[in-house]
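Quick notes on the structure that follows.
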Amino acid sequence: MVIQNLHKAFESRIRLGIMSVLAIHKELDFNSLKEYLQVTDGNLASHLKALEKEAFLGVEKSFIGRKPNTRYFITKTGKLAFDNHLLALEKLIHAQR
Amino acid sequence: MKNKQDYFEEISEIRSIMERSSKFTSVSGLSGILAGIYALVGAFLLHTIAGFRPYGILESEADLSGNEWGFFFIGAGVLILAVGTAVYLSYRKARILREPMWTATTRNMLFNMALPLLAGGAIVIVFFSYGLVGLLLPATLVFYGLALYSAGNFTYPEIRILGIIVTVIGLLAFSLIEYSVLLWAAGFGLMHIVYGTLIFLRHEK
């Protein structure tokens, strides 16, 4: 039953990284996320899209001057799923001890 | 199925990402120690070559013997060397650890340091232009201390304490102008060396 809480969306390290960074900073743009996680544009974009699809991430699009600026934040659903995932990880480690 | 080791690694990776993204951890203890040494040498030169022995706040009471430019170049030299070393060693530490250095956290930290540093710089120039040379060293200490204090939110907590200590030493120097060179050597020199060593031992070993 604990395994159920290990969400499939978090199987990728990068997705887990995105959630971790956004748990600390409420809102970040694409480039800041890229700097923290040290991944390529395409890689990050596809993982962001996946998390967005799960409704774990919210997106806010705006313009800075003429440049489009996309900011990402964790939704309530995402926060709950991430917390549960962490809890499940902890339990698994304890259970196997 | 993954085993315990994998889960454990996952958790520690989450922790490290969270820490990295909230703290500027590329602070190099060695650069603190070097900055302290530059400051000690600077204070010594100030006292000997520039003949800076203030017993009051006015230029006539500072015994500068017309050596304002010596004073200026020593101060600027220490500053440039210290900042240059800090930037280079931080860059090196980040590269060795393969951690990103120029992140939103770094920018936040520098932004928060900028206000006290710019205000301090402006006030030092104003004091200088009024010939209040006795107030220069105490002012640099106070504003640098305040800058470290605000930077402390974004990096190792020791930096915050160092900021408080340097600010207090600066305030003390304001009231003890005769000892301001000595206090400056203590604040910029000794304290940098102490805290540089502390950071090196706690975070880089």
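The values are calculated or read from the model by the stated rules, or taken from the named source; none is laboratory data. In this text, all values refer to a predicted model and were calculated from it rather than measured experimentally. When we count neighbours, we look across all protein chains shown, and the Cβ atoms used for this are built from the backbone with ideal geometry, even at glycine. SASA here: full protein model, heavy atoms, side chains in, ligands and nucleic acids out. Shrake-Rupley method; radii C 1.70, N 1.55, O 1.52, S 1.80 Å.
Below, the figures for the structure above:
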| quantity | calculated |
| --- | --- |
| Residues of segment A:57-72 satisfying the condition of being within 14 Å of chain B (Cβ to nearest Cβ) and touching a Leu at 6+ places or on another chain (Cβ under 8 Å) | A:71, A:72 |
| Meets criteria (within 14 Å of another protein chain (Cβ to nearest Cβ) and either in a helix (DSSP H, G or I) or modelled with pLDDT under 90 (or both)) for residue A:87 | yes |
| Residue check, residue A:56 in contact with a Gly (Cβ under 6 Å, 6 or more places away or on another chain), surrounded by 17 or more Cβ atoms within 10 Å (Cβ to Cβ) and either within 25 Å of residue A:91 (Cβ to Cβ) or of a type in the set (S, T, N, Q) (or both) | yes |
| Residue count, segment A:59-83 (criterion: more than 13 Å from the chain's Cα centre (by Cα), of a type in the set (Val, Ile, Thr) and open to solvent by less than 50 Å² (accessible area, probe 1.4 Å)) | 1 |
| Restricting segment B:1-55 to residues that are more than 30 Å from residue A:25 (Cα to Cα) and within 9 Å of chain A (Cβ to nearest Cβ), the residue that is most open to solvent (accessible area, probe 1.4 Å) | B:1 |
| Residue B:72 vs. criteria open to solvent by 60 Å² or more (accessible area, probe 1.4 Å), assigned to a helix (DSSP H, G or I) and more than 14 Å from chain A (Cβ to nearest Cβ) | yes |
| Helices (runs of 4 or more DSSP H) wholly inside segment A:1-56 that include at least 1 residues being at the interface with another protein chain (Cβ under 9 Å from one of its Cβ atoms), of a type in the set (A, V, I, L, M, F, W, C) and farther than 21 Å from residue B:154 by Cβ | A:2-5, A:13-24 |
| Of the criteria (1) within 19 Å of residue B:21 (Cα to Cα); (2) crowded, with 16+ Cβ neighbours inside 10 Å; (3) not aliphatic (A, V, I, L, M), which one residue B:143 fails | (1) |
| Flag for residue B:138 being open to solvent by less than 30 Å² (accessible area, probe 1.4 Å), over 21 Å from residue B:40 (Cβ atoms) and touching a Phe, Trp or Tyr at 6+ places or on another chain (Cβ under 9 Å) | no |
| Residues that are surrounded by fewer than 22 Cβ atoms within 10 Å (Cβ to Cβ), in contact (Cβ under 8 Å) with a residue 12 or more places away in the chain and under 13 Å from residue B:43 (Cβ atoms), drawn from segment B:171-181 | B:181 |
